[in-house]
Structure formats: C-alpha cells, structure tokens
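This report concerns only the one structure given below.
The values are calculated or read from the model by the stated rules, or taken from the named source; none is laboratory data. Since this is a predicted model, take the numbers as computed values, not measurements. Positions of Cβ are backbone-derived with ideal geometry, glycine not excepted, and every protein chain shown enters the neighbour counts.
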C-alpha cells in the first residue's frame, strides 16, 4: 500500500499537466451528465424501501385512487359553515378556470348526490334525532319557507310565541337557537352585524361535528424541470385566494397544505440550510487551512482538490442512483467536512518534510511515504462506516451511506493524485523551522505525564454516553424532518385537533363491499 501510494504521488507530479487535464475533463463531463440526470426526490414516502409490506399496500392504494395523489389541499375556515361553503365553492370555481396552472379542483362531500341523499349517511340515531327536530319545527320552517325575509322570520317567531301562549308548543328544546337569534339581533342593533348560521340552528349536532372547515382538493400543473415542481401553481393559488371577496373582508381565511406544497417547502428549506451549511463549512475550513498550512501555495490546491472531489462525488450520485432524497442530499456537507482532512494531513506532512528536504519532488514522495498509509486508513475506515448503512430498508440513509462512502474513496484518490499535481505547479516553499503550535509540545508532555487520569476521564465519558444511548428513541415520522414553521406544515398541524379533519388515518383496501363491511364492523 505504501509503495503504491508513493508511486501514484510521484507519477501525478511528473505528469501534472496530464493529470490536471484529465481531472478537469472528468469534472466537466460529470457535471454535464449530472445537470440532466440528477433529480431531487422530496417525497418522504420514498425514504423507505418499496419492498416493505406497508409500502406495498400504500402503492396499491395509490394505484387504486390516483385522484388523491399530487394534491394541493386548500383549507377554508370561516365563522359560520355557510361562509366556508360559499368561499370553498368560489375558490374551486376560480381554480378550475385557470387551466394554465391547474388540472382540476374538487370539494369533498359536495355535489348533487350529497345535496339529495347526504343526510342518509348519518348514523341512524343521529338521523332520527335530526328528523324529529325538523318535524317539531315544521310550523316555523313552513312560515319561513313561504317568506324567506326578515318579515317572514319575525312572523315565524311570532307564530312560535302564539303556540307557546296557547300551550301548543314547548320552547325548551329550542332555547339555544332562540338565544342565537337574540345575540344576532342585538349585534345588528348595535351596529355590528354578524352572520347567522342556519345549519347550526337546524342541525347543531351535524354542524358541530363538521365544523367551519371546508377543503378544496387541487391538482396543479407540475414543472418537473424546476427545483420546486409546484412552485408556480402554488403562487397562482395564493393570488386567487387573495382576490376572493370573503378573504378580502376577513369573513373567511384560506391556507394550504398537501403533498405538493409540503415537498416544495421541504426542498426550499433544505436548500437554504444546505447552502448556509456549506458557506459556514467553507469559511471554517479556510480558517483552519490558514492555521494549518499558512500558505496560499497549499491552501489553493487543497480547496481545488476538495471541490474536484465534491464534483466527482455528485457525478457518481447521478450515475449510480439518479436522485438525491431529503437525507442523502446532506452528503455534500459531510464530504466537505471530512474529505478536507485528508488533504490537510498530506500538506501538513509535506511542510514538515520540506523543512528537511530541499527537493520539492522528493519532499512530495516523502510526505506520501510518511502520511499516505495513515490517510488511506482514515479514508477506508470512514468509507466503511458510511457503507454500513447501505443494507438498511431506510432508503434515505442507505443512499446517503453509499454516496458518502464512495465519496471518501474519491477524496482519497484525489488527495494522492490531483493534489500532488497541483502542488507541482504552486511549488510550496520550504520551512525554515519546525512546524507546529507553541502549546503543542506542552500539551504532548502534559498528556504523557498524566496519561492515566486522562484515560480515566474519557472512559467515564464513554460509559456515560453508552448509558445515555439506551434512552434514545427513533422518530419514524418523516414529517418531523420538515420545517414546522412553513405554511403547509402550520396548516397540517392545525387540522390535528378534530378526528373529522385529522389527515392521519389507516387506509385499508378490501376486495369487495362485503369484506369492507366486515372489516368496518
């Protein structure tokens, strides 16, 4: 191994121009291939292997009900159900008109069937209670139906009062509804009119269960060539929402969630975090290089080697996998933080050898002789650690392990070939004195004198870490990988309070209606 590394370094220095040209060609070709073949998969379902039983069932459900895929879900809230219904209807109509950004829009639980037979879907006891209350209120409803105006309303109320006076009616069951009338009339008289919900008056149980929330299911036109495929459609939806009269006057509020905005927001947050992480890592690495090698003649080759290795690793990801998921995309930060250590170790050793050897060529071979095996061991151990993730069914981690593991191999190869070729051109100067930090010798001697206490401290910390590791819990919810402060995540969390709006439920496919009935029973 040592001789092989020394030979690679010597040949790379001797044929520096050819090595650099070969790397540049590989980088250009690799990035060109990457630009057209590497995608980003933000679907959290794909973080798990398709061979898992629950994923198999989920894919069957998706094939059976494709209308529930690739959705933007608009959530309409209002003070009364009628306003929520009207706003949802207006939103669906506006979205359906925009064929440039949307395929279609639908409102669950609406349509001619529900208008005609919707009450039959209620439980028998609840339906019986509702019908009894309607029959009891028939005189009031008949009068109001004949004259659906303010005058008709007061006539109907007067008729109820006459019935009570004659002992033919009992207002006790309708005390809550009458109190609602009183509050609405008092608010109007005070100059603060508020909408009155007839659904809540006539069907309080049904209205309370359904709440004042309505949904509009939207299939957007996706641009799969964009970083956020649904970004343009989501922006168009926001413009439509802002133009609705109910939204303008504040009587209704609309937010959105769904697979498409969740995926888009996930990638946007991830991109921002990754860019920030890379910038911070690059700044810290540059600072560390200034402390470690103290010369642009080494700093520039190290950074160039790091970028070359990163570009080749990205190209490998495009060739071997084709997509980056929400976990594997983090390989870039891992690569930058780990791969630079190989180049730093080589160059620091080169500085030490140059203090003793004037010939740059012999110094490079000497650095390879003294540090090559250590760098190979570090790269191999790190690569094995990452590659150990590959066999797992957690695809997100498995792909991260594969890309990062091969990336360590690429970084090592770049360190013993591309880096020496660059150093042959920058020609770092020899060192006049022994390199190192002033406190380094004191630290070494202190550790040697107090070796046992230091080992004892580390052993205690290790034992405490092992004990603490037993309490760690695995969070299997992919949604917890997302930024909770985005629009889609805030809307999703707001739906968890009621079972009727909670999106987390189990879907079970049955072979026929009879099996479905037995399962539901």
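With respect to (1) surrounded by fewer than 21 Cβ atoms within 10 Å (Cβ to Cβ); (2) more than 24 Å from the chain's Cα centre (by Cα), the lone exception for residue 407 is condition (1). Considering 387, 377, 362, the condition of being touching a helix residue (DSSP H, G or I) at 6+ places or on another chain (Cβ under 7 Å) and either loosely packed, with under 15 Cβ neighbours inside 10 Å or farther than 15 Å from residue 339 by Cβ (or both) is satisfied by 387 alone. Kindly indicate the residue of the range 225-235 that is surrounded by fewer than 19 Cβ atoms within 10 Å (Cβ to Cβ) and touching a residue at least 40 places away in the same chain (Cβ under 8 Å) and also farthest from the chain's Cα centre (by Cα) among those meeting that condition. Here the answer is 232. Scanning the range 283-298 for residues that are at pLDDT 80 or above and either part of a loop (DSSP other than H, G, I, E, B) or over 20 Å from residue 425 (Cβ atoms) (or both) yields 283, 284, 285, 286, 287, 288, 290, 295.
What number of residues within the range 1-54 satisfy the criterion of being over 24 Å from the mean Cα position of the chain (by Cα), surrounded by 14 or more Cβ atoms within 10 Å (Cβ to Cβ) and not in a helix (DSSP H, G or I)? Matching residues across the range 1-54 total 1. A single entry from 346, 316 fulfils the requirement of being modelled with pLDDT of 90 or more, more than 11 Å from residue 408 (Cα to Cα), more than 34 Å from the chain's Cα centre (by Cα) and assigned to a helix (DSSP H, G or I): 346. Only residues that are touching a helix residue (DSSP H, G or I) at 6+ places or on another chain (Cβ under 7 Å), in a loop (DSSP other than H, G, I, E, B) and modelled with pLDDT of 75 or more were counted in the range 137-180, giving 1.
Selection of the range 481-517 for residues being modelled with pLDDT of 80 or more, surrounded by 10 or more Cβ atoms within 10 Å (Cβ to Cβ) and outside any loop (DSSP other than H, G, I, E, B) yields 487, 488, 489, 490, 491, 492, 493, 494, 515, 516, 517. Per the listing 326, 338, 244, 306, the residue uniquely under 30 Å from residue 355 (Cβ atoms) and either in the same structural domain as residue 220 (by TED's automatic domain parsing) or surrounded by 21 or more Cβ atoms within 10 Å (Cβ to Cβ) (or both) is 306. Here is the figure for the range 248-274: residues that are surrounded by fewer than 19 Cβ atoms within 10 Å (Cβ to Cβ), over 15 Å from residue 95 (Cα atoms) and touching a helix residue (DSSP H, G or I) at 6+ places or on another chain (Cβ under 6 Å) total 1.
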